[in-house]
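Since every read-out is calculated from the coordinates, none of them should be taken as a lab result. What you see is a predicted model, and the numbers here were worked out from it, not measured in a lab. Here the Cβ is made from the backbone with ideal geometry for all residues, glycine too, and neighbour counts use every protein chain on show.
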Amino acid sequence: MEITKTAEDMYRELACVEEGGALYTLQQDTRYEVKYVERESRNEVGDRVVVYLRSPPSSHYPKGKPYRLVVDCGEDRYVMEEKRNGEDWRTYSAKFAGFRYRSPSHPKNEESWEYEETKSSL
């Protein structure tokens, strides 16, 4: 049984994200550093949050590659976007199971998440 989340669900889960924290994808242990967060509250259309991230350093991106996680309840949209060498933001993937978050003060903030494969009960 596949569990899907709406943008509203994702927005609620990201409500506690802080600058300097870390987001980890559920499918891997990559740590994305949270640079800053933008939130909009729109009563008529819904809420929107954009979390600006930086990937771990690499040979091509010594300071880490810029990403952003966009959750828009009004459009029921949840996407990860990337920016390459001066280009505009573009969709990296629209198929994410979700993220885990650790605040800057979390005692295990610098450690990677251990990935546990979930098994279907069917």
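So the values come out like this:
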| item | result |
| --- | --- |
| Peptides 5-17, 65-77 ordered by average Cβ neighbours within 10 Å, highest first | 65-77, 5-17 |
| Highest-first arrangement of 54-61, 30-37, where packing means the average Cβ count within 10 Å | 30-37, 54-61 |
| Cα pair count fraction exceeding 14 Å, expressed as % - the range 1-81 | 65 |
| For a label point 7 Å along the Cα-to-beta-carbon line of TRP89, residues of the range 60-82 with backbone N under 19 Å | 64-82 |
